[in-house]
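Report on one structure; see the data block that follows.
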Amino acid sequence: MSASWLPELVSGLCQTEEGNPFPVWQDGNISPCFNQLVLGALPHAGMAVLSACYLGMPRSEQLHTSPPCGWTLRLVTALLVVVLFVIDLSLVGALQQPDMYLDILMDSCGVLAWMVHGSAIAVLMKTRFRRTRGPQLLLITTLLLVPNLVINLVICCNRHDCLSLTEPFKLMRFVLASARMLLLLGYLLAFAFPCISNADYTLYINAVDGSPLLPEDVQLDTGEIVAEDGSSYLSRLFYLWLDPLLRRGQRGELTRPTHVYHLPQKLQTSAVFQHFHHCWGACRRGTGVDDQQDSRSRWDDGSLPKGSGHEEVLELEGDVRLLRVLHKAFGLRYYILGVLKVMVNMSSFAGPLLLSRLVNFIEDTKAPVTEGVWCVLGLFGMTLFSSVLQNIFAFEVSKVCLSARASLVSAVYGKALRVSSCSLAGFSLGEVVNLMSTDTDRVVNFFNSFHELWSLPFRFSITLYLLYLQVGVAFLGGLCVALVLVPLNKFLASRILSNNKHMLKCKDDRVKLMTEILFGIRVIKFYNWEPHFTQKVSEHRKQELSYLRAIKYLDALCVYTWAALPVIISILTFVTYVLLGHQLTAAKVFTTVALVGMLIVPLNAFPWVLSGILEAKVSLERIQRFIGLTNQDLLAHYALMSPEDNQTSVLLSRGTFSWQGPDDGNECGPDGGVGKQSLLLHNLNLRVTKGSLVVVVGKVGCGKSSLLAALTGELRRLSGVLYVANREAGFGLVSQEPWIQHASVQDNILFGKDYDADFYQAVIEACALSDDLGVLPNGDQTEVGENGVTLSGGQKARLALARAAYMNKDIYLLDDPLAAVDTDVAEHLMKKCVMGLLKGKTRILSTHRIEFVQQADMMVLMDNGTIIKTGTPAEILPLVEAAPKVERNAQKPEQRDMIEQQEEEEELDPLPVLNVGSDPDMLSEEQKQAGQLAWKVYRTYWSAVGGVIAASIVLSLLLMQASKNTADWWLSYWISTLNHNGSTCRSDRSLADGVLPHLLLFSPGGLMSPLPAGPAFLSTNMSADVKFYLMVYGSIAVANTVFTALRAFLFAYGVVCAAEAIHNRLLDRVLKATVTFFDTTPLGRILNRFSSDLYTIDDSLPFVLNILLANIFGLLGMLVVMSFGLPWLLAPLLLLALLYHRTQHFYRHTSRELKRLCSLTLSPIYSHFSETITGLGTIRASGSAARFEGENTRRLEQNQRCLFLSSAAMQWLDIRLQMIGVAVVTGLGMIAVIQHQYGSVDPGLVGLSLSYALSITMLLSGLIFSFTQTEMQLVSVERSEEYATGLPSEPQHQNTQVSPAWPERGLLEFCGVDLAYREGLPNALEGVSLVVQPGEKIGIVGRTGSGKSTMFLALFRMVELSQGQILLDHLDISTVGLSQLRSRLAIIPQDPFLFSGTIRENLDPCQRHQDQQLLDVLDQCHLSSVLSRIGHLLGHVIFEPGEENCGQVWRMFLSSGGLDAEVGERGKCLSAGQRQLLCLARALLTQAKVLCIDEATASVDQKTDQLLQRTIRERFQDHTVLTIAHRINTIMDCDRVLVMHAGKVVEFDTPAALSQTKNSIFHNLVGEQGK
């Protein structure tokens, strides 16, 4: 008896005969007993035992890398198999089959085995096995499980009841077995392809250089951690890896870009662009390009190339289509995300269907409880599934967008570095920057729009099908109206797009004008042009706002149209349904209303999605056009064969060069003019030997700068031969307009090279920068401002020369570096730098300072674009007219010794600080506002909208929401009344009858409600009840659309008013700001307020604010209705509110700071790009393109980090809000099921509570997002308000007692004047006292930084005096209004600035003079030849100087509109000298009694200079003239000379008297010729 227990046990377990308790074969298959015990339970037990052996494996603490995705997939598979076994266990218990204990044993073994196996995998992932596939034994145990699963599936397929819908539990077991099979296959695939990444990749930044990792007990700074990589699956799903950053943000410590995580490896800019480059190369080879021409970039581990030479990089050029490259780079990944989108769409329809089942269960009092439980579980599963998939989809799409943005921005920047100057001339700076900003963003937005392009029609079709199931063909009546309105919507959309296009054009013009105003703000203030330019900008803004107003009103019309459309469609559908002979029931009414609401969403959204894609197409074409420009081809530009003489450094033979591109002839060159006549260098023959000094001379506009540009490859070679020795090493280039980076003095000089203390000091000495560095607060670490704005012209020139000298190149091209410095500094530069430090180098010097060219090895004389003679200085100098009277090299030895001694004394006496920007506290990084927005920002926007308008908007919102909630309540009341009265036939009751249609009204999905199965109730008239309720509902709905329209149009009007008010205040305050503000604030920072911030205020802020207001009032309305109908729901809602508040509070702090950091890191990208374009010639000539590309990548990476984490934070919040929503809906469903059992539930109340619970969950989610987005957009209001209220302004008072004729004489007195640029800084002027008699001509000389220009700033009150006073005709100028003072003075500033526009606009922007007067002053400034050439190129007459009929020619020129010739952006069509002449002509037009000239002729030749001086003497014979000059001969005929040093007056007498005083500084400057 004792021996028979085992067969009995097996027989009882397997439900087999005792004679054969353990059959192997049964009914033609392997028996279930053998299958489950031997092939199932036993292998699972073995898996559990073997897996348990690995639980004690030692972990490796040095592994900080991301676990391979294969291991992660195996772990997830194990956990999912456990879940499936648990579900199968519950189904076995529910089925109660005879052999259930066999299945329970098998499933229990499966749960245990896979739990232990999953734990083993989790342990192995943290051991040395993570970089392998793991132990092979685990694979064997997994393979042993396959037979059991296969046999189970075969048995189920042979048994028909397992696949029958009448046996749902058996069918579900079959589905679970199939799912386990799929998971097992996935597990084996993960084992076969473990996806092991680079083992050298680390998650911690401090491990990159091999330094030891931090111990575990030390908490890493968030700035040292790589985001997402290395996180577990659970952490990625719920964004737990983001928690440390969120906690830091909550503490208020997220203040710098370096505080945020680093990007994951696959999103790092260098890795993304490397992948993009490889895809470009593959597409390029596909177009037939020879592989040898495909120069790939050599990158190591995703990093950019380092070094400053000409690296071999892939040229983004040719016929490769950018769309094709993007498709190859990101297409596959993006299409896979489309599968997720399909699943999300499908699950959105599953949720409402399950809700309908639940409500149907509640209505049926006899329904079993299991049906309700299954409905609740299904509801839970589907909402959870949909939420998770939607979250993953959104986050992954944002990653694709980031990758595409990094690729496009890097591609545009890289192309700009390599494109030829001739091709680039067809684009303005603003257009190229727009490619990187606006166009790139539009292309990136395509990735958000494309899946919607097919998703919306898909949802539309499903909704139509469900509508057909509800009302049959009756829906076609309403649909026809909707389809008729689609063309109207398309028309409105096209009008909006058209207006938007015009608005953006106006915006571009306004921003371009603001850019020029900010560049030339000193000129504007000197000439008192602020009112004129304020009016000019206001006109542009007015036109821009007219288009914005049209856009907003069209938007409002769209809102009204689509708000009214659901009502119209519903009513037409109902009427059609009744006319077809059907009975109209409440079920049909509510279900149709809900489905029509779903129908409107795709119809409304589709045109906007389509327009977004079309915008992306246009922007992609713009970028494609830029990418397709011709690159610099240095191999073709330079000759490959070297001359036989190895001493030749530069060889030009019959060279012809042009500024024109191969396809366009409209570009301009720096030597002046427009068109072919002025753009051609022809017949150039030149040979320069190594180590020689070659000086290029010639009159203004003869082609000197173009010759140097031709040597560097910036011009297009048309013919001839150009050879440059060792051209790969680059040139040391000093451009005529010094290009200075926004960096420290030292960084500008080093220019990316290593610091060599001795050589660095030698360069400083040679370039006469020692004294300047001595007075700067931080020495050579002082920031110099954007484009060197805080330096004087001479300091910028010497800094640029120092940068070139430190490059230590073989060939130096120096474009007039002596023009902006005075005589003694110029001699120092020639002696110590050009002839000293650079001795032995090949030097080509272009200059007008021919007094310093005696030591040249060769001189080159140019005229009209060609070399007319080369020779020694003795041969060339006699050909140059008006040689200077002062020849410094003719000084006697004792005089030179005296001068050197004087220079030594000056070096011992440090100069004062003369520049505002030398204060380190002034020129700093842009400050980021911290913490939440102040209430004053909201008040500011409220007042900008207007108090009455804002109150009206709020009232209309209140009425709109009240009417909407009243309509909802009326529908609910209608349902209750119909159910109570039994007016609806129960036999026609569908699933949606009763409360369910009302539920649909608020649900995001749809509902299928079939037509009645029985015969239709034929009726020609609606019942009186239905007609009454329908009319009331229609009336309320119409009132709601009216209030919606009122609110939409009021809101549109209000936001336009706000945009206008904010811009006007901002513009007014900025133009009234002090010069100190502009000197210490980068241009890009100010421009951001007028471009991106104003665009946000115009467009983005109204959009999100509209949504926020709708969400707030929607939430309030729903709470009121729910508290009125279901007070018992308030208790859980309070707990829900607390949970929401905690979540959003935790999120909002970090989200707000990340948005601010995004804005803060975006400006440096654009400013660096603008800086690169401006200094492109210097960068390419020195071979530094690769280093600048690396800097762009670094800045872009920093911005991408902030954008990525901002997106991740948004998804962090989204998944939590979705989980809370899932929990709420599931909990309410469970409560309803429980109450159903006790018979104490009202289906109407349950349906209402469920629908409102869903709505409130979504509404609160939208509320947090819209509130956060509104806060982010209000940052732009905050930034604008910061400038509109916080900028230091110039005094605006006026003196009404000043005579209109003041000053009548021009008597100028300085009385003990002290001036400091800022409190705490040394005096720039100290104790200056002097008297200038009326009509006296005063020359001012002194070293750079001695205070010469500061005197002019004091006279014009650009900076207020610290002490003393300045009298003009005995009137203290501090008592006169600034506009009164500056309009009575005239100045020619040192830096010639022109506005883009015509010659007339530059000469006389306020249009106060006749055209004849303008032509006269142009003739007097010797610009006749230039203008005649322009006239010829415009198809008009040519004026040649010296013609007898010049008056007649000028009259013809006037009649032909020659004054309307364009000078180009910032005067780029004219040379530097011609720009100075035009600025001089501008001053000649004034009738001021006092004229100040600040080295206005530094860039013109000697002959022109003398002619101009004579013109000034004649025109201003009775006027007081103050002239700062570096050329002594310029001021030798002045009445008196003022010598400045260290901000003090050291000498003031006639030139003759000072020249004869042997110990005077002026005598030393003049030398022998001065006597």
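The values are calculated or read from the model by the stated rules, or taken from the named source; none is laboratory data. Given the structure is predicted, the values throughout are model-derived calculations rather than measurements. FYI the Cβ positions are ideal-geometry reconstructions off the backbone, even for glycines, and counts take in every protein chain you see. Calculation scope for accessible area: heavy atoms of the full protein, side chains included, ligands and nucleic acids excluded. Shrake-Rupley method; radii C 1.70, N 1.55, O 1.52, S 1.80 Å.
Given a Förster radius of 56 Å and the C-beta distance between residue 1379 and residue 868 as r, what FRET efficiency does 1/(1 + (r/R0)^6) yield to the nearest 0.05? Please report the intermediate quantities before stating the final value.
Values: r = 50 Å, r/R0 = 0.89.
For R0 = 56 Å, the calculated efficiency reads 0.65.
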Hey, how many Å between the Cα centroid of the stretch 1352-1423 and the Cα centroid of the stretch 1076-1092?
24
Extension gain residue 346-residue 1230, at 0.36 nm per residue separation less the Cα-Cα distance, in nm?
315.8 nm
In nm, give the distance between the simple-model label positions of residue 465 and residue 233, each being 7 Å from the Cα along the Cα-to-Cβ direction.
3.1
Expressed as a whole number of Å, what is the distance separating the alpha-carbon centroids of the stretch 1286-1324 and the stretch 375-423?
57
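What order do 1532, 960 take when sorted by accessible area (1.4 Å probe), most exposed first? Provide the component values of the computation, followed by the final result.
Working: 1532 50, 960 20 Å².
Reading off the accessible areas and sorting them downward yields 1532, 960.
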What distance in nm separates the two pseudo spin-label positions at residue 55 and residue 476, each 7 Å out from Cα along the beta-carbon direction?
6.8
Would you mind listing how long the stretch 366-450 runs along its three principal axes, going by Cα atoms, in whole Å with the largest first?
85, 16, 14
First measure r as the distance between the Cβ atoms of residue 948 and residue 770, then evaluate 1/(1 + (r/R0)^6) with R0 = 60 Å and state the FRET efficiency to the nearest 0.05.
0.40
Order by protection proxy (mean Cβ within 10 Å, highest first), peptides 1321-1332, 948-959
1321-1332, 948-959
Return a whole-number percent for the relative contact order of the stretch 1330-1383, with Cα pairs under 8 Å and 6 or more residues apart as the contact set.
20
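Between residue 641 and residue 1112, what length comes free when the chain is fully extended (0.36 nm per residue of separation minus the Cα-Cα distance, one decimal in nm)?
Working: separation 471, 0.36 × 471 = 169.56 nm, distance 7.60 nm.
That pair, residue 641 and residue 1112, stretches by 162.0 nm at full extension.
Arrange the peptides 364-373, 235-244, 825-834 so that the one whose residues have, on average, the most other Cβ atoms within 10 Å appears first.
Details: 364-373: 12.5, 235-244: 16.7, 825-834: 21.7.
Those peptides, ordered most packed to least, come out 825-834, 235-244, 364-373.
If you place +1 on the Cβ of every Lys and Arg, -1 on the Cβ of every Asp and Glu, and leave all else neutral, what size is the dipole of the stretch 1520-1563 about its Cα centre, to the nearest 20 Debye? Don't jump to the answer; show the numbers that get you there.
Numbers: 4 positive and 4 negative charges, 29 e Å.
With only Lys, Arg, Asp and Glu charged at Cβ, the dipole is about 140 debye.
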Inter-part distance where the stretch 738-817 and the stretch 469-512 are each reduced to a Cα centre, Å:
58
Two-site FRET efficiency, residue 683 against residue 1333, from Cβ-Cβ distance with R₀ of 45 Å, rounded to 0.05
0.25
Between the modelled labels at residue 1318 and residue 251 (7 Å from Cα along Cα→Cβ) the distance in nm is 3.2
Picking from 1341, 1321, 1353, whose Cα lies most toward the positive end of the charge dipole for the stretch 1315-1362 (charges on Cβ: Lys, Arg +1; Asp, Glu -1)?
1341
If you take every residue apart from residue 405 with its C-beta less than 14 Å away from the C-beta of residue 405, what net charge results, scoring Lys and Arg +1 and Asp and Glu -1?
+1
The summed charge of the residue 87 Cβ neighbourhood (under 10 Å; Lys/Arg +1, Asp/Glu -1) stands at -1
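Once you have the Cα-Cα distance between residue 454 and residue 374, take 0.36 nm times their residue separation minus that, and quote the gain in nm to one decimal. Let's see the in-between values first.
Working: separation 80, 0.36 × 80 = 28.80 nm, distance 3.33 nm.
The residue 454-residue 374 span can extend by a further 25.5 nm.
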Placing +1 on the Cβ of each Lys and Arg and -1 on the Cβ of each Asp and Glu in the stretch 450-563, which of 529, 517, 561 has its Cα farthest towards the positive end of the resulting dipole?
529
Sorted by mean Cβ packing within 10 Å, highest first, what order do the peptides 1510-1517, 379-386 take?
379-386, 1510-1517
